[in-house]
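Note sheet for the following structure.
The values are calculated or read from the model by the stated rules, or taken from the named source; none is laboratory data. Please read all numbers here as calculations on a predicted model, not as lab measurements. Please note: Cβ atoms are built from the backbone with ideal geometry, for glycine as well, and neighbour counts cover all protein chains shown.
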Amino acid sequence: MVDLSLQVFGATFQNPILLASGTCGYGQEYSGVIDVDALGGIVTKAVTPKRRRGNLPTRITETPAGMINSIGLANVGLEGFKREKLPWIQENLRSAQVLVNVAGWTVEDFVGVVEGLNEEVGFLGYEINVSCPNVKGGTLFGTDEKALAVLVKALRESTSRPLIIKLTPNVPDIGVFAEICEANGADGLSTINTFPGMVIDVDTRRAVIGNETGGVSGPAILPMGVYATRVAATRVDLPVIGIGGVRNAKDALQYLLAGASLIQIGTAMFVDPFTAPEVVAGISEFCEKHGVGEISELIGALEA
Amino acid sequence: MVDLSLQVFGATFQNPILLASGTCGYGQEYSGVIDVDALGGIVTKAVTPKRRRGNLPTRITETPAGMINSIGLANVGLEGFKREKLPWIQENLRSAQVLVNVAGWTVEDFVGVVEGLNEEVGFLGYEINVSCPNVKGGTLFGTDEKALAVLVKALRESTSRPLIIKLTPNVPDIGVFAEICEANGADGLSTINTFPGMVIDVDTRRAVIGNETGGVSGPAILPMGVYATRVAATRVDLPVIGIGGVRNAKDALQYLLAGASLIQIGTAMFVDPFTAPEVVAGISEFCEKHGVGEISELIGALEA
Amino acid sequence: MMVGYGSEGYAVPFLPRPNSVAATIDGSVGLLIRIFGEGSRRLAQLDAGDSVLLLGPLGVGFDLGQAPRKVLCVAGGVGLAPFILLPRWAREALPDAEVHVLYGERDAAAVFDAGKLRELTGIDAEIWTEDGSLGRKGRITDGLELGDIDLVLACGPTPMLKAVRELALDSGTACQLAVEEHMACGMGTCIGCIVETVDPTTGEQRYARACIEGPVFRAEQLPW
Amino acid sequence: MMVGYGSEGYAVPFLPRPNSVAATIDGSVGLLIRIFGEGSRRLAQLDAGDSVLLLGPLGVGFDLGQAPRKVLCVAGGVGLAPFILLPRWAREALPDAEVHVLYGERDAAAVFDAGKLRELTGIDAEIWTEDGSLGRKGRITDGLELGDIDLVLACGPTPMLKAVRELALDSGTACQLAVEEHMACGMGTCIGCIVETVDPTTGEQRYARACIEGPVFRAEQLPW
Ligand SMILES: Cc1cc2nc3c(=O)[nH]c(=O)nc-3n(C[C@H](O)[C@H](O)[C@H](O)COP(=O)(O)OP(=O)(O)OC[C@H]3O[C@@H](n4cnc5c(N)ncnc54)[C@H](O)[C@@H]3O)c2cc1C
Ligand SMILES: Cc1cc2nc3c(=O)[nH]c(=O)nc-3n(C[C@H](O)[C@H](O)[C@H](O)COP(=O)(O)OP(=O)(O)OC[C@H]3O[C@@H](n4cnc5c(N)ncnc54)[C@H](O)[C@@H]3O)c2cc1C
Ligand SMILES: Cc1cc2nc3c(=O)[nH]c(=O)nc-3n(C[C@H](O)[C@H](O)[C@H](O)COP(=O)(O)O)c2cc1C
Ligand SMILES: Cc1cc2nc3c(=O)[nH]c(=O)nc-3n(C[C@H](O)[C@H](O)[C@H](O)COP(=O)(O)O)c2cc1C
Ligand code: FES
Ligand code: FES
């Protein structure tokens, strides 16, 4: 195994592969199946100020080479996270880095969760979800330049921990939003969240998803994610976390070459929970085969 | 066969299935393979004021359940269209409706093509492409609310023929752009064009597409297209043409139920050129099975 | 158990499908599959040597914990799957218990081979068909009597489950129901497969994940 | 000819792949496939009775129009495909012509069965391998002499085509080259498969669609 470790956000990631928010619970759910602590890290399910039931069923359906989810940010809430989830993380994720995904509807919501967690140990930083298409107003901050600037600034003032803003691809130019994040003190970007989508059961004439619409993820969005990552990485100097449709080492390498420092895997873990460790192994093999000594050589190494 | 004909844009479409712009040339290319004149219609490759070579190769590559194209609006130009392509259309497409897809970079470009074609016969109206991700400025009008309003108004003044605006999904809320089109006199909307995307060959470390990026189409974008169609159809009173990822009758029926009056098929025709006639037959079978007397009963018939 | 095909081929089905373990023979698992859509069709077309991804066993199954003496299994359609394994297992766990299986289908053509079923379960299931083309005629719940039953277990379409639940609650019979939901991960991470549940003591309602907190719930837990 | 699998299964490959017709036997077509990626792997794994979508024949093939007396076919790798059919066809069309095939591969393991090749073409191809493990050693273009050749036809990797083109233009030999491009429609509608061409008389350059205006171009048409 080639050493795949790298420094990002002032911390060591043993490899660049993380599990994406909302697709790995709080880490614990995968224990017994894969060694989560051998990954680069995980991003928790979104944490909101209060516990949320989330959307009505049906929440999940299939699409061509992908899926739609409409979970609606169901989560245990700030206090539940501290009490029920963080202890397991603190005990079990000692090598893998942990980012806490934070969601909300007002600046106060986001700042409240961040400040509520600042004193806690066991995680590295925050991934700020301004890009959830599954709740009303979930993409508000992610699609409004002014609102995003205000939010990032407020969050910057509320914590010295790494602050990574997770962007939505549903904008004409994601680079503009990347620049706003950088200008207001963010430490990194995650690209991308899901695309709004809908599936109709033509026999019943109803939307399959209880909430009618949901977010499209999976291999179907791979080329969009690589594109968004490339745009973000060329427009700002911040580390970018590439997300969207990764199912094998080649996909992950596309993100690295496009400029991602880290990569998240979501939907593919549902299809095969061994995907993440296999991607780590595959990247290592690629490095060996191509004489890549350090993973950082690959980051943004796209040739013209 | 159930009668699938319907009235849209003041004209009769013998069925709701059209071939999408850029995927059927000018109709002629398919002759000898399928009976194009038995379809609802075709939308021509974009016509720009002048002949265009288009982008460098490689222009085409595969993605999960889809493809990327970066043709760059290669076309014969206004005069070439009149001289080389329109005569065949006039002679051969007598039952199928023809929409001319128009592209440009300035209001004058668009108006010039439309005015240059107004006197010609053999086609019904214009599909205005403000949503091409493959040329610099191709989505300019499609993502700028003010510019779009100006363009649609100018086009409305330049022709009395049906004017259909083809929107890009790369905006936070496609409904806003739909409303602008309606307010400024458009007769209809087409949703959606492609998503910007990128594929990297990890062995050569180069983008596969010569122009680096291109537009993602195919089944991968089906749920996004159905969603955008639903949003557009509920926000305006104009007929909407649903586009994106259709490969069978069920997919087309999803668009009808979401509110589309007509449906275009693009990428699936590359995979199997018999797709369009099969979709027509499949819709007919569905209507028979479900006792649907008129195709218009299905339009927007999504149940809550 | 989740059954899938990996994501390399962008194959249909993309997501794995939840399936019951219908049999375990010498370390192999057996599934009972009804061809319904793409997932089940593909599964049914597998040849020996083909590979699929299996993840499981997952979640909470039927529980024979209270030493019931008469157990009734009510199977609607492919809901028969869990009850193929259960009778033998029940006889081992509870040598004195009686286990009955009621098995309903739309018509004779849909009914799983009765001889094979006897061989696998070691008992005779009482077969019902809606059109009466095999066994008793009607819906399986039509003649359902829970008088001397200690535990009723049901798996099948939701309307059937609801009917069984009603009868069980009326007669005070312990009752467990296997519910169906769309699933993605099968492991509790995606929170996609939720079922409304109620805490019988506090009355508090909450969404439970069918994949790991179910798919089997007690009748009192389901506020239907 | 485009070879695909339909879009229902979102299968890999999603787009059809262009392939040469290597043989036609009693109304069937034969393809020569080198396993390279997913498309060719899937094609090679087909069993009798499996179905694929075939669209063709498409485009412009090699043209023996000028009644050449000595025709040389230069095949690099799987570029051998069109030259399996061509010798017999040439002998029918031009009974007096001599047809030679040069066929190059990296090593002996890659070489198509020489006996089978003789059987199919009716002639002995001259085999080259880069490592000399079979036939002559080196690149096929190393010893290429066009002295008394009237027409040279080539199919294979672009560097090979370029070398053949150079030699042919130098010696004034008529030359046709089959180029490779990514294709989607195969019918001229998508304008995806373009090749830069030049009009030998006017010098005007333009993009031609390899699928219908090619894949075979005359050496003079390619401004390489
Ligand atoms: C706990 C559990 C155990 C099951 N055990 C069995 C079994 O032993 N044998 C068996 O044949 N089937 C079983 N099923 C049903 C099985 O998971 C599939 O739903 C069924 O096989 C149809 O899938 P398909 O791909 O063939 O059809 P599709 O064409 O995918 O779907 C047909 C219908 O099923 C719905 N559906 C699609 N995906 C899911 C999903 N992930 N979960 C629920 N519904 C879905 C679709 O909306 C559609 O209405 C079980 C389901 C659950 C939840
Ligand atoms: C006119 C023509 C005739 C051909 N005849 C034959 C033949 O007789 N036998 C044969 O084995 N092959 C032939 N090929 C090549 C064939 O079309 C495929 O490119 C090859 O089989 C590899 O495809 P794959 O799916 O196995 O590999 P993939 O994994 O899809 O691709 C492998 C490589 O091929 C490239 N590629 C992918 N799609 C295309 C495409 N549509 N066109 C060109 N390159 C692509 C990829 O970028 C990649 O570098 C021909 C190509 C052309 C243009
Ligand atoms: C079931 C599910 C739940 C998700 N929940 C969240 C979430 O809570 N917060 C968030 O930022 N992203 C969430 N996402 C988005 C993913 O983190 C990721 O951005 C997206 O799925 C694209 O990656 P993928 O294609 O690898 O799945 C969720 C995705 C899925 C499929
Ligand atoms: C090769 C190709 C060329 C295209 N050219 C045009 C074009 O000239 N004008 C336009 O409005 N859309 C163009 N499109 C977009 C399609 O018309 C359609 O909106 C898109 O492909 C989504 O539909 P599909 O998934 O059925 O292909 C093109 C698409 C492809 C694949
Ligand atoms: S299927 Fe993911 S939580 Fe149950
Ligand atoms: S492959 Fe479409 S024009 Fe040639």
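Summary table
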{"quantity": "Flag if D:R118 is charged (D, E, K, R) and in contact with a Phe, Trp or Tyr (Cβ under 9 Å, 6 or more places away or on another chain)", "calculated": "no"}
{"quantity": "Unique match (being more than 21 Å from B:G225 (Cβ to Cβ) and either more than 14 Å from chain D (Cβ to nearest Cβ) or at pLDDT 95 or above (or both)) among B:G300, B:G293, B:G266, B:G282", "calculated": "B:G293"}
{"quantity": "Selected residue (criterion: nearest to ligand 3 (Cβ to nearest atom)) from residues of the stretch D:170-212 that are aliphatic (A, V, I, L, M) and farther than 30 Å from B:G266 by Cβ", "calculated": "D:L177"}
{"quantity": "The stretch D:162-183, subset in a helix (DSSP H, G or I) and without any contact (Cβ under 8 Å) to a residue 60 or more places away in the chain, residue nearest to ligand 6 (Cβ to nearest atom)", "calculated": "D:R165"}
{"quantity": "Which listed residue is outside any strand (DSSP E or B), within 16 Å of ligand 2 (Cβ to nearest atom), in contact (Cβ under 8 Å) with a residue 24 or more places away in the chain and among the hydrophobic types (A, V, I, L, M, F, W, C), from D:I140, D:I212, D:I123, D:I149", "calculated": "D:I212"}
{"quantity": "Candidates B:L222, B:L257, B:L253, B:L238, filtered to the one that is more than 10 Å from chain A (Cβ to nearest Cβ) and of a type in the set (A, V, I, L, M, F, W, C)", "calculated": "B:L238"}
{"quantity": "Looking only at the stretch D:194-205, and only at residues there that are within 23 Å of B:G214 (Cα to Cα) and more than 7 Å from chain B (Cβ to nearest Cβ), the one that is surrounded by the fewest Cβ atoms within 10 Å (Cβ to Cβ)", "calculated": "D:E196"}
{"quantity": "Among the residues listed as C:G132, C:G186, the single one being assigned to a loop (DSSP other than H, G, I, E, B), over 30 Å from A:K85 (Cα atoms) and more than 16 Å from ligand 4 (Cβ to nearest atom)", "calculated": "C:G132"}
{"quantity": "Qualifying residue in the stretch B:265-287 (condition: closer than 27 Å to B:I180 by Cα, away from ligand 2 (no atom under 16 Å from the Cβ), touching a residue at least 12 places away in the same chain (Cβ under 8 Å) and surrounded by 24 or more Cβ atoms within 10 Å (Cβ to Cβ))", "calculated": "yes"}
{"quantity": "Test: residue in the stretch C:46-67 that is under 30 Å from A:G32 (Cβ atoms), near ligand 1 (Cβ under 8 Å from one of its atoms) and of a type outside the set (G, A, S)", "calculated": "no"}
{"quantity": "Selected residue (only one of A:T229, A:T139 is at pLDDT below 95 and buried (at least 21 other Cβ atoms within 10 Å of the Cβ))", "calculated": "A:T139"}
{"quantity": "Selection from the stretch D:51-65 of residues that are closer than 18 Å to D:A178 by Cβ and in a loop (DSSP other than H, G, I, E, B)", "calculated": "D:G56, D:P57, D:L58, D:G59, D:G61, D:F62, D:D63, D:L64, D:G65"}
{"quantity": "All positions within the stretch A:57-84 that are surrounded by fewer than 21 Cβ atoms within 10 Å (Cβ to Cβ) and more than 9 Å from every other protein chain (Cβ to nearest Cβ)", "calculated": "A:V76, A:G77, A:E79, A:G80, A:K82, A:R83, A:E84"}
{"quantity": "Unique match (being within 30 Å of B:M1 (Cβ to Cβ), without any contact (Cβ under 8 Å) to a residue 60 or more places away in the chain, surrounded by fewer than 16 Cβ atoms within 10 Å (Cβ to Cβ) and charged (D, E, K, R)) among B:E108, B:E91", "calculated": "B:E91"}
{"quantity": "Unique residue being of a type in the set (D, E, K, R) and at pLDDT below 90 when the list is C:K70, C:K116", "calculated": "C:K116"}
{"quantity": "2 or more residues β-branched (V, I, T) and under 24 Å from A:V240 (Cα atoms): qualifying helices (runs of 4 or more DSSP H) within the stretch A:84-156", "calculated": "A:107-117"}
{"quantity": "Single residue of D:A108, D:A67, D:A44, D:A93 found to be surrounded by fewer than 22 Cβ atoms within 10 Å (Cβ to Cβ), more than 16 Å from ligand 3 (Cβ to nearest atom) and at positive phi", "calculated": "D:A67"}
{"quantity": "Single residue of the stretch C:11-39 satisfying the filter (within 14 Å of chain A (Cβ to nearest Cβ) and over 21 Å from B:A65 (Cβ atoms)) that is nearest to ligand 3 (Cβ to nearest atom)", "calculated": "C:P18"}
{"quantity": "Failed item in (1) within 14 Å of another protein chain (Cβ to nearest Cβ); (2) of a type in the set (V, I, T); (3) more than 16 Å from ligand 5 (Cβ to nearest atom), with A:V113 passing the rest", "calculated": "(1)"}
